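Okay, so here's the structure we're looking at.
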Ligand code: G3P
């Protein structure tokens, strides 16, 4: 499973990129707003840091506006993916721009039917929102499994990005459900390589080694 970072924070991206673990980046208007910088500047900075796909979202709600924005955003860098919300206008925009070779990530997917519509419209990626489904006592992982099954049955190339990932369990379950990608918030990512027993184990080895060294002196 590929790891994308769900952040626009360049320090977070640089830190995790040093481990060779960043296959791509996703953003949305909320994430961009947090950085308090110009949208185009931030996206171009990220595209220069990460060679993999970088999702940048349109803010228009009508298809003409989405198409106009998508054409502009897609010129910012070679690795841009244009993020489009899952609406009728969004599907129309995806249908048009995917034929122009613009890569798309259809976002705010909450049902298998929505994912199937997006794939049929030509989406490169679909983003089911796990955490927000769990918030309303629905099953986010089941949606990822259902999309995996549908895309496999009908041979869609569209890749599944498990989004709205809130904890380590989501990442593990998304991997088991066959998600192509999990997009992980920058502050959650370090928890993937941490475990209290690892920390305790290192401290114990260090203490025992120290005691052994002192005995030998
Ligand atoms: O990028 C979309 C998604 O990952 C948002 O997550 O935590 O705001 O539901 P969240």
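None of the figures in this text is laboratory data; all of them are computed from the coordinates on show. The model shown is predicted, which means the values in this text are computed figures rather than measured ones. All Cβ positions, glycine included, derive from the backbone under ideal geometry; neighbour counts span all protein chains shown.
Select from the stretch 186-210 the residues that are in contact (Cβ under 8 Å) with a residue 12 or more places away in the chain and not in a helix (DSSP H, G or I) and list them in ascending order.
186, 187, 188
How many of the residues in the stretch 157-183 are touching a helix residue (DSSP H, G or I) at 6+ places or on another chain (Cβ under 6 Å), more than 10 Å from the ligand (Cβ to nearest atom) and assigned to a loop (DSSP other than H, G, I, E, B)?
4
Need at least 2 residues that are over 14 Å from the mean Cα position of the chain (by Cα), away from the ligand (no atom under 16 Å from the Cβ) and surrounded by fewer than 19 Cβ atoms within 10 Å (Cβ to Cβ) per element, so show me which helices (runs of 4 or more DSSP H) inside the stretch 1-76 make the cut, counting only ones lying wholly within it.
10-17, 39-49, 63-73
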